[in-house]
Amino acid sequence: TVALWCYGAANILPVNPTIFDGGNATGARAINVHLPWSNGSVYWDCGGGNGNYDRIEKPADPAMYEGQWNHWAFTKNTTTGTMKIFLNGTLWHSGTGKTIPIDFQSLYLGGSADHSLSYFGLIDEFQVWDKELDESTIAAWMRKTVTPDHPDYAHLRAYYTFNDGTGNHAADSSPAHASAAIHLPNWIPTRGEHLYKNFSTANIRPNTTFLQGDLITSDQTTEVLDSVLNPQNQVLH
């Protein structure tokens with residue numbers, strides 16, 4: 001299972017991006033997702049050491065991959081031969097007869113291993129599990145920080161919350177504690193209006209008082225200089 005939150009750039013997608021890509025010992029494709037390809041379809045590839053891989057694909061609506069945060073989870077079970085794609089905690093697509101063993105030795109997030117393809121957007125809460133998570137577990141935990149209370153915590157192999165904020169490495173919150181090197185992408189905080197995780201229900205209500213009468217108001221103007229750094233660009237040749 002590979003799961004993540006992503007926010008695709010609406011002014012760029014769909015093009016030909018790869019959101020994550022992994023290779024076997026010889027570098028041949030073993031795990032890959034196009035989210036989406038230029039035709040608007042999502043492709044989920046997963047294979048093994050001989051460089052062959054199984055694939056499922058399905059056309060997606062723009063709202064599923066751009067302009068808002070969405071949670072995606074990709075699973076494969078070589079025993080049952082099923083590959084599945086979950087969108088926001090619900091099964092979105094599946095395929096059968098997918099029995100090629102899984103064997104990837106490296107994993108690149110935000111682009112392809114050969115740097116020929118990139119992902120245009122934001123990525124958060126990236127997780128890799130060595131077990132096929134079921135729909136109910138994915139839905140129950142997609143908006144939570146993974147802790148040892150997770151029923152499959154022992155199968156968590158990589159977990160990047162991307163809460164570091166600075167630096168060129170992302171800390172791994174899984175039991176493996178294998179930090180990931182970061183090249184070029186920027187750290188971008190999530191605005192409050194876009195928060196999608198770690199919410200809890202409360203019964204607290206605001207203490208509000210309504211007053212009636214004549215009021216005198218005045219306007220004051222305060223000038224504020226707001227500067228935003230442009231993102232870095234990479235030129236490959």
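A few remarks follow.
- Of the residues making up the range 201-237, those that are at pLDDT 85 or above and of a type in the set (D, E, K, R) are Arg205, Asp214, Asp219, Glu223.
- Test: residue in the range 32-48 that is closer than 17 Å to Gln105 by Cα, without any contact (Cβ under 8 Å) to a residue 60 or more places away in the chain, in a strand (DSSP E or B) and open to solvent by 10 Å² or more (accessible area, probe 1.4 Å): no
- Any hit, the range 104-124, residues being buried (at least 20 other Cβ atoms within 10 Å of the Cβ) and touching a helix residue (DSSP H, G or I) at 6+ places or on another chain (Cβ under 9 Å): no
- The C-beta contact set for the range 198-225 (first residue among the polar types (S, T, N, Q), second residue part of a loop (DSSP other than H, G, I, E, B) and at pLDDT 90 or above, distance under 8 angstrom, 6+ apart or interchain) comprises Asn198/Arg143; Asn198/Lys144; Asn198/Thr145.
- Any pair with Cβ under 6 angstrom, 6 or more apart, that starts in the range 157-182 at a residue that is in contact (Cβ under 8 Å) with a residue 24 or more places away in the chain and ends at one that is of a type in the set (Asp, Glu) and in a loop (DSSP other than H, G, I, E, B): Arg157/Asp130; Ala158/Asp172
- Each residue in the range 62-92 was checked for being part of a loop (DSSP other than H, G, I, E, B) and within 16 Å of the chain's Cα centre (by Cα), and 7 of them qualify.
- Per-region count, the range 1-23, residues in a loop (DSSP other than H, G, I, E, B), open to solvent by 10 Å² or more (accessible area, probe 1.4 Å) and closer than 18 Å to Asp114 by Cβ: 2
- With respect to being surrounded by fewer than 21 Cβ atoms within 10 Å (Cβ to Cβ), assigned to a strand (DSSP E or B) and touching a residue at least 24 places away in the same chain (Cβ under 8 Å), Lys58 fits the description.
- Test: residue in the range 129-139 that is of a type in the set (Ser, Thr, Tyr), assigned to a loop (DSSP other than H, G, I, E, B) and open to solvent by 70 Å² or more (accessible area, probe 1.4 Å): no
- Among the residues of the range 172-207, those that are part of a loop (DSSP other than H, G, I, E, B), open to solvent by 60 Å² or more (accessible area, probe 1.4 Å) and among the charged types (D, E, K, R) comprise Arg191, Arg205.
- Pairs meeting the criteria (first residue in the range 96-108 and at positive phi, second residue assigned to a loop (DSSP other than H, G, I, E, B), beta carbons under 6 Å, at least 6 apart or on different chains) are Gly97/Gly81.
- Among the residues of the range 154-170, those identified as open to solvent by 50 Å² or more (accessible area, probe 1.4 Å) and farther than 20 Å from Tyr196 by Cα are Ala154, His155, Arg157, Thr166, Gly167, Asn168, His169.
- Options Ala158, Ala202, Ala170: the member that is under 30 Å from Ser94 (Cβ atoms) and among the small types (Gly, Ala, Ser): Ala158
The values are calculated or read from the model by the stated rules, or taken from the named source; none is laboratory data. A quick note: this is a predicted structure, and the numbers were derived from the prediction, not measured. Cβ sites come from the backbone with ideal geometry, for glycine too, and all protein chains shown count toward neighbours. Ligands, DNA and RNA are excluded from the accessible area calculation, which covers all protein heavy atoms including side chains. Shrake-Rupley method; radii C 1.70, N 1.55, O 1.52, S 1.80 Å.
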